[in-house]
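Here the structure is laid out as structure tokens; the discussion comes afterwards.
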Protein chains: 2
Amino acid sequence: MARLRGLVSGALLAGSAVAQTSTFVNPAVPTHTPVPGNYTGALRPQVHFSPPQGFMNDPNGMFVDANGTWHLYYQYNPTGVVAGNQHWGHATSDDLYHWVNQPIALFPPEERVYVFSGSAVVDANNTSGFFPDQDNGVVAIFTLARYYEDGSGGPQTQNIAYSRDGGYTFEYYSENPVIDSTSSHFRDPKVVWYEDHWVLVAAYAQEFVVGIFTSPDLKDWTFASNFTQHGLLGAQYECPNLVKMPVRDASGAVIDEKYVMTISIQPGAPLGGSVTEYFLGDFNGTHFTPTDAVTRLTDFAKDNYAAQFFYGVPDGQNQINLGWASNWQYTQKVPTGNLEGWRSTTTAPRVNYITEAPRIGLVMVDEIYDLSPILDNKLKETTCDGVGTVALDYSSVESGALYIEVNVTNINTTLLTEYSTLNISFASPASGDILQSGFYFSGDTPFFINRGGIKGFDNIFFTDKFSVADVYSSGSRDTLASWSTKAIIDRSIFEVFVDRGIHAGTVVFYPSQPLTTLNLASRLPEGTSVSVNIWSLKSAWAEYENEDGTVVGNVTTHEKSAEKKGKAVYKSKFTV
Amino acid sequence: MARLRGLVSGALLAGSAVAQTSTFVNPAVPTHTPVPGNYTGALRPQVHFSPPQGFMNDPNGMFVDANGTWHLYYQYNPTGVVAGNQHWGHATSDDLYHWVNQPIALFPPEERVYVFSGSAVVDANNTSGFFPDQDNGVVAIFTLARYYEDGSGGPQTQNIAYSRDGGYTFEYYSENPVIDSTSSHFRDPKVVWYEDHWVLVAAYAQEFVVGIFTSPDLKDWTFASNFTQHGLLGAQYECPNLVKMPVRDASGAVIDEKYVMTISIQPGAPLGGSVTEYFLGDFNGTHFTPTDAVTRLTDFAKDNYAAQFFYGVPDGQNQINLGWASNWQYTQKVPTGNLEGWRSTTTAPRVNYITEAPRIGLVMVDEIYDLSPILDNKLKETTCDGVGTVALDYSSVESGALYIEVNVTNINTTLLTEYSTLNISFASPASGDILQSGFYFSGDTPFFINRGGIKGFDNIFFTDKFSVADVYSSGSRDTLASWSTKAIIDRSIFEVFVDRGIHAGTVVFYPSQPLTTLNLASRLPEGTSVSVNIWSLKSAWAEYENEDGTVVGNVTTHEKSAEKKGKAVYKSKFTV
């Protein structure tokens, strides 16, 4: 959560406002009922989470419960389409694509005290004492940020709230804060379990320090160590995560495990604004020791910030994260606010493990999470020998969302030239908007994305071109090499997972007219096998829409709506 | 020096080719005489070094001799406007702006063996034994890169050559290589003197290792240590430099000294392609120990690579560097090749020391080197109270080059809003080409550059927008803050030195028509003092032109030409 620029007073919503004794609720903010949203807008992603209306930034409090329900909270301004008035919005999912909007989970405790980013854990063993009779108690750990009347920032402290209904409603702990501070830049606690105690990492943002704390009960926290002055500094450290994940060999077998420390930087990323870097290392319960002094980035483009790993993924398994697909440099200006009343989407869910990239060494992989719940029709399945093209009109795909897989095998690297390329572009024939991507197979081997041909939005910080060097083969001249990429396009967000996810690129874009054609061109040497598969994706939101196109989010309305449409009812774990 | 994509055989030049016994000279390459050049092209920088014709990349062998003459060698393809056929071009200067093109200094020793990047030192004490009767002997240390007939790369070894005429002509050492290798990616030796021995750093490019070697005599080298796995890796480490420089406090007083290790990364920079990172630390003669694990970048844009520090700057003084103002992603495509027969310019000379940036900590500063030799008329000297504009038509400035200083003082940071900006743009009213830059004084405080409005060149990797977060005040709300920037624009290169040089940004751009108007707009709170000074710059090349506009470079022709024009003769230290 970055410094707020200004506090927003405009009321967008007409919801039922029920004042609570423990929190300060803006009369315009609905309680106990989900915020309704219209997900039909031309720019609205159909297989990504975005808030029903208003402004979203960092994902928060992410955990998976014992029933397999994924909980996503998020930095939320329900009363405006710019940052301010921060609450924790909430949504749940069984598959990480179909999301049910839940009532807002955390409200400001006082006027001018906001609920900034943080995390949540399931306290199954009742270490906190909040849950004497249950094993599904949830504790949220987050920053409360005070702002003075003149708009300046007061102290940021770490606080907890507990939920006895599995994460839907929370009560503030009476003895908050659990980590006090006089700093106005101490925030974003992320908690994990380590053997016999809780571990919290939080950012002393302007000192470039990640503080590591331990606790037996989530209430009493002891300072353990600092991780500081690593990697790119930018102008602030934010949203640290500490997570253990498997190290896999090329066959996918687990050969080790390592900790990953992610740190989000804002402002001051190399590409401008916001970016996330990560460090590989070991963790002994109190100290994180990096494996090396290498600075690795989670994304080669500009729209993947503040990603959080879900709490509750079983030990030894791949981790799963979602990021905020935006950048503070322009997030408050993008056209979805004025045109459709919402701003910001999450990334698609990503599966993470560590592997050895050819020549480069250990990297964290971002793979796309199982898409089967939203895979629709296979629109194209084709192979070619080196040279080939695919031209696809997907204007009939209602969601406007596609999934693309390209596998290139039998690459004789000695035959490659600077013209050996594979290009994928998406366009609107109506308006001429075009989004380009592609890969150069020789020399510098960059994968590129260019959103400069997209006409619906520009801004002095809205960088057009991104690229990454992908060393996809080990450089041997005598071995046939392979390369692959996977990509999702979803109305206003494009994500690529290059070379088995060794590189991920996330860009938002705002076309003046919907993109409806895909063109793919392969110019590779004879003998190279190029396989292309393209699926349409089902809208994960359309089935929840009522006759007005509104997703109300609560179960009653959803069931009604789904029945009306004759579709299978999506079962929320939330029972009212 | 990056991997060559292909070897170029096309002959651009009709020069006098004198075969030497010790080197393989392409008949098209002139020896013993400078390559002539036409520096009048609309895209040709007038106060920067660019090669007379052909293709230049990394600066090499830079040193200053006892007479104060600055020697610049450079990776040079004299027979084409793309990389290949690498020689060491050579130029000399008394002031780092006026350059005299000298005869090519190093030629390939054999067919298909090229002279890649390296450095040079003055062996005043004749440690090498090459210079029994003189104290101005020069030893060049460089990579010889062998290419096989099929274009694949063979071994890269470290070699030396010596010059008994002060650096103008060289003879290869008979016992080369001085550091042998079977690696095809071991290159770019940079040598400095440490107390009682020579120290060489070179890149094992694809292993992300900087090897550190020591020698008493520049001939016998002993492995000392490796510096490895630090910072951003990209896909290769190149062109390491190790240099000592003063640490200065805010008043400019020297309070300490530190070593800086620079490493150039190519490909795989965060912005794509080429970038240079640096590490602060200590050096004990054999080992470099970094101060911290922070990754710092020398430039926030995309066109400053492979910078080298001049050998011979007296101990305790600020260091001086020049970079290659380009990027391998597009350097071989930029329009100066087809339009004007040359490609690539150096950056302006920069003065370097270390200082404490507010909140961020220690950084290396890039200040522009003394401009007085090329400062022409002061075109504008104005101040305003917060809000003001400057509109300047500089179409009458023959060089097309300007120097701009902006000093902003008495900034009451509590009055700043997101609209508090200072913008500087350059445009061609004829064509609509526009280059934008500016600073946002509040919040994320980014300085930005946008070359997206420049119409003479585009390319899938030619990124449009760059920015950097400049924390120019320490954040106190009660102190009046100050901020400044300096900038040079020179036909097709723009360089900014933000906030006393704490950040430097270098961009090349290729307008379809010359930029001839400057617009500056300040929107700052009342009470803020904004001071703007703009000078035209004298062409450093025009005075060497003969009646045809050709700069021949050798002294005889130069003197003739200068006399003809009635200008002061620029005295080269090179006596034929």
List the residues whose amide H sits under 5 Å from the amide H of residue A:454, counting only those 5 or more places along or on another chain, with H placed 1.01 Å from N in the peptide plane.
A:434
Distance in Å, no decimals, from the C-alpha centre of the range A:406-424 to the one of the range A:249-298 is 31 Å
Quick check on the range B:43-357: of the DSSP beta bridges with both residues there, what percent are antiparallel, nearest 5%?
95 percent
Partner shielding of A:446-455, taken as the mean number of other chain Cβ atoms within 10 Å, equals 3
If you count, for every residue in B:294-306, the Cβ atoms of partner chains within 10 Å of its Cβ, what is the mean?
2
Using alpha carbons only, how many angstrom separate the centre of the range A:498-537 from the centre of the range A:106-142?
42 Å
Go ahead and estimate [θ] at 222 nm for the protein assembly as shown from helices alone: -39,500 (n - 2.57) per DSSP H run with n ≥ 4, summed, over the residue count, rounded to 500.
-500 deg cm²/dmol
Alpha-carbon centroids, the range A:145-198 and the range B:308-365: separation in whole Å
46 Å
Lys, Arg +1 and Asp, Glu -1 on Cβ, resulting dipole of the range B:374-542 about Cα centre, debye, nearest 20:
160 debye
Which whole-Hz couplings ³J(HN,Hα) result when phi for each residue of the range B:409-423 is put into the Karplus expression 6.51 cos²θ - 1.76 cosθ + 1.60, θ = phi - 60°, listed in order with x for Gly and Pro?
10, 6, 7, 8, 5, 6, 9, 6, 10, 5, 9, 7, 9, 10, 10
Computed ³J(HN,Hα) along the range B:509-522: with the Karplus parameters 6.51/-1.76/1.60, θ = phi - 60°, integer Hz and x for glycine or proline, the list is 7, 9, x, 6, 9, x, 6, 9, 10, 10, 10, 10, 9, 10
For the protein assembly as shown, with only Lys/Arg (+1) and Asp/Glu (-1) charged at the beta-carbon, what is the dipole magnitude about the Cα centre, in debye rounded to 20?
1980 debye
Residue among B:401, B:524, B:414 farthest towards the positive dipole end of the range B:374-542, charges placed on Cβ:
B:401
If you take the charge dipole of the protein assembly as shown about its Cα centre, with +1 on Lys and Arg Cβ and -1 on Asp and Glu Cβ, which of B:237, A:439, B:63 is farthest toward its positive end?
A:439
The ³J(HN,Hα) series, computed from each phi in the range A:133-150 with the Karplus coefficients 6.51, -1.76 and 1.60 at θ = phi - 60°, rounded to the nearest Hz and given as x for glycine or proline, is 10, 8, 10, 10, x, 10, 10, 9, 10, 7, 8, 9, 10, 8, 10, 7, 4, 7
Entries in A:380/A:455; A:302/B:455; A:486/A:538; A:302/A:333; A:302/B:465; A:380/A:486 that, when Cα-Cα distance is taken, lie over 19 Å
A:380/A:455; A:302/B:455
For a protection proxy built on the mean count of beta-carbon atoms within 10 angstrom, sort B:543-550, B:503-510 highest first, please.
B:503-510, B:543-550
Residue-averaged beta-carbon neighbours from other chains (10 angstrom radius) around A:229-239:
5
Charges only on Cβ, +1 for Lys and Arg, -1 for Asp and Glu: so what's the dipole of chain B about the Cα centre, in debye to the nearest 20?
1060 debye
Degrees separating the helix A:555-565 axis from the principal Cα axis of chain A, which is the longest one
30 degrees
What number comes out for accessible area per residue over the range B:43-357 if the probe is 1.4 Å? Units Å², please.
26 Å²
Sequence-distant aspartates and glutamates (8 or more away, or on other chains) whose Cα lies within less than 12 Å of residue A:190
A:238
Between residue A:35 and residues 5 or more places away or on another chain, which pairs have amide H atoms under 5 Å apart, with H built 1.01 Å from N, and which residues are they?
A:104
Just from the alpha-carbon atoms, what are the Rg and Dmax of the range A:108-179 in angstroms?
13.5, 46
Chains B and A: accessible area buried, summed over both chains, 1.4 Å probe, nearest 100 Å², reads 4300 Å²
Among A:30, A:354, A:461 the positive-end extreme of the charge dipole of chain A (Cβ point charges)
A:461
Let me know the Kirkwood hydrodynamic radius for the protein assembly as shown, please, with Cα pairs as the basis and the value in Å to one decimal.
31.0 Å
Heavy-atom accessible surface of the protein assembly as shown: percent carbon and sulfur, 1.4 Å
47 percent
If the label for residue B:135 sits 7 angstrom from Cα along the Cα-to-Cβ line, what are its distances to the same label in every other copy, in nm to one decimal, shortest first?
8.5
Under the rule rounded for a/c under 1.5, else prolate if a/b exceeds b/c, else oblate, using alpha carbon gyration tensor axes a ≥ b ≥ c, the range A:43-357 is classed as rounded
Amide H proximity to residue A:166 below 5 Å, modelled H, separation 5+ or other chain, gives A:138
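The values are calculated or read from the model by the stated rules, or taken from the named source; none is laboratory data. Quick caveat, the model's predicted, so the values are computed rather than measured. Positions of Cβ are generated from backbone atoms using ideal geometry, with glycine treated the same way; all protein chains shown enter the neighbour counts. Keep in mind that these areas ignore ligands, DNA and RNA; they rest on the heavy atoms of the full protein, side chains included. Shrake-Rupley method; radii C 1.70, N 1.55, O 1.52, S 1.80 Å.
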